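Laboratory data are not the source of any read-out in this text; all were calculated from the coordinates shown. This structure is a prediction, so every number in the text was calculated from the model and none was measured. In this analysis, Cβ positions are derived from the backbone assuming ideal geometry, glycine residues included, and neighbour counts consider all displayed protein chains.
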């Protein structure tokens, strides 16, 4: 009778221990997955940052080139050439000048 | 049997326990050793496998004109390099590269055979050339990103802006003078790379390492007007070269500096080195009759003379010691005003005899001759004005009409601007601000008055005298404008040859003046070197002055004087009103 009780108590303790270890193992594995997921996300974001940085550099370079082109297109030599050669404009004489107030 | 198994089980467990404990302790000790004593070495070794350091130079700042239009910018370019030790067939590689880049095959092959780990194949290659070389798929060739300087306005204000060398260092002009402000700073950053060697997260800082921007006082449009008029004057008179400067007399701000022949700073190495420097600032010239303006200033300020004080001009020939001074046309009695108006050399000499050489010397020094103006440009000359104590009798006479003295075009225009500005000499300046990449002002250059050269009353008298020069019978009539009053003076100076004697037939023709006389907005100097058609300043340079002044005043919206007020009105919204 006493042995049966002892066996039953041992069984209960064994189950309790198994439950604790199982919980620890599940927590550990979950943490492992979480950590891996975080690392994957981190690397993925890193690639995206690099891609966007490259894109920013390219766009910035394009913007710079467009600025240069605008500066060239707005140059007084070019405008004067178009005004006189293509449009037939001339420099106004003082009597033809209208000063805008 | 079962008893034997149970008898040794505890012993065996203990043995296994000891073995495991010993092994774990050994691993722990090794881990501790590596972590504590070898950590920095190991970390360095690991980082070398996934980190790639990069070094870059911040972009050079932009040079803007007064209206913030780009005059010099930095653009991204790609340079092509080769690693000779990686090349297996040098001849074939050289041939392919030479064909793609249109460069000499033999020179390239010789360079590739040199025992160097790295050589430049082509610096700052065009996108087309880069693509052509990329298509060759050569492992021994690398592409390096660089920035290069580009001048979108090409020849406009070329000598003033200057240029940079291949490595982005300022070599001339503003590029040289403000190199420290314009150049970007070096910076290093680290890129992490994966197993395939691809970068996947850079630790590049967001700090801007670009250089500062420079804002000039030069106005692109006025610069263009000046360069165009100067070119026409030089070409029409078959002259060697020309210089023109436009200045705001009230502030000392330089609105334009033109030089012809010019150069294209995008390919400066193809031009003669003599064209590289800004001659308006670096080169001294004998000013010729322009100096009569300051002789008259000395007479009015220190010599108790008025514009009506009369001088006998000896009918065209006047002996001082062994030397004889001539006038272009013989004159009898002339007033001070007429001496300047008709540009009489003998009259000017007589003026100095009355006022004394010391007065003339002091006046010239007060107007800034013989010393640097302090403009923010490199290589400025101070010109030469010897002390009046060393002058012989003839020296005082010749200096009064601009011989035996030298000055830069900048000094001349600054001095004439002082007359326009009620006698106040302003320090000329060409850079008005330094800004950062966001456009915020880092430092600002405001107008600086240097000194009161002559009284305001004397300057008004001089303005009257100078206005008479552009009247119908004055030497500078060709500079007279429609609708605006002009004060000015012609100058025709004989050039000296290598021996120091005056060369026959070689002249510098000039005209300097300001307009409108009652409220001067611009002072202009035009100087034409060795015109061959004719050499009088009033014929060669005055028309160029007129063109520059007329177009500049129109551009600056300066109301012409003869316009009847209220007769013609325009509304910005609805156009012409009546």
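Any chance you could give the angle, 0 to 90 degrees and rounded to 10, that helix A:2-73 forms with the longest Cα principal axis of chain A? For A:2-73 against chain A, the angle is about 10 degrees. Distance distribution note for region B:279-373: the fraction of Cα pairs above 19 angstrom is 42%. Relative contact order of region B:220-555, taken over Cα pairs closer than 8 Å and 6 or more residues apart, is 23 percent. For residue B:19 and residue B:437, the FRET efficiency from 1/(1 + (r/R0)^6), where r spans their Cβ atoms and R0 equals 56 Å, is about 0.25.
Computed per residue of chain A from DSSP H runs no shorter than four, each worth -39500 (n - 2.57), the mean residue ellipticity at 222 nm is -28500 deg cm²/dmol. Counting pairs of Cα atoms in region B:54-216, how many percent are more than 20 Å apart? Pairs farther apart than 20 Å: 61 percent. As I understand it, the value is the acute angle between the Cα axis of helix B:220-236 and the longest principal axis of the Cα atoms of chain B; what does it come to in degrees, rounded to 10? Taking the Cα atoms of chain B, the angle to B:220-236 is about 60 degrees.
Run the numbers on region B:436-519 and let me know its relative contact order in percent, using alpha-carbon pairs under 8 Å that are six or more apart. Numbers along the way, then the final one.
Numbers: 96 pairs, mean separation 18.5, N = 84.
Relative contact order comes out at 22 percent.
The base-10 log of I(q)/I(0) for region B:388-455, evaluated at q = 0.12, 0.15 Å⁻¹, reads -0.52, -0.69 [Debye formula, identical scatterers on Cα atoms, solvent excluded]. Counting every other Cβ atom within 10 Å of each residue's Cβ, A:38, B:313 order from fewest to most as A:38, B:313.
A straight line joining the Cα centroids of region B:368-441 and region B:491-523 runs 15 Å. Exposure proxy for B:272, B:104, B:529: other Cβ atoms within 10 Å of each Cβ, ordered fewest to most, give B:272, B:104, B:529. Region B:20-121 gives an Rg/Rh value of 1.33, both radii derived from C-alpha positions and Rh following Kirkwood.
Ranked by Cβ crowding within 10 angstrom, fewest neighbours first, how are B:364, B:255, B:68 ordered? Walk me through the intermediate numbers first.
Values: B:364 24, B:255 27, B:68 12.
Exposure proxy ranking, most exposed first: B:68, B:364, B:255.
Counting only Cα atoms, region B:89-147 measures 27, 21, 20 Å along its principal axes, largest extent leading. Evaluated at q = 0.07, 0.08, 0.12 Å⁻¹, the base-10 log of the normalised Debye intensity for the protein assembly as shown, with identical point scatterers placed on the Cα atoms, takes the values -0.64, -0.76, -1.25. Cα centroid separation, region B:68-117 to region B:247-294: 38 Å.
Considering region B:220-555, its Cα convex hull presents a mean projected area of 17.3 nm².
Counting every C-alpha pair in region B:389-515, the share spaced more than 24 angstrom apart comes to 48%.
Here chain B has an Rg and Dmax of 36.1, 154 Å, counting Cα atoms alone.
Using only DSSP helix segments of four residues or longer, with each worth -39500 (n - 2.57), what per-residue ellipticity at 222 nm results for chain B after dividing by its residue count and rounding to 500? Intermediate values should be presented prior to the final figure.
Values: 19 runs with 200 residues, N = 578.
It comes out at -10500 deg cm²/dmol, rounded to the nearest 500.
Inter-chain neighbour count for B:551-558: the average number of beta-carbon atoms from partner chains within 10 Å of each residue's beta-carbon is 2.
Roughly how tilted is helix B:292-302, in degrees to the nearest 10 and between 0 and 90, from the longest Cα axis of chain B? With rounding to tens, the tilt is 70 degrees. Kirkwood analysis of region A:2-90, using all unique Cα-Cα pairs, places the hydrodynamic radius at 20.6 Å.
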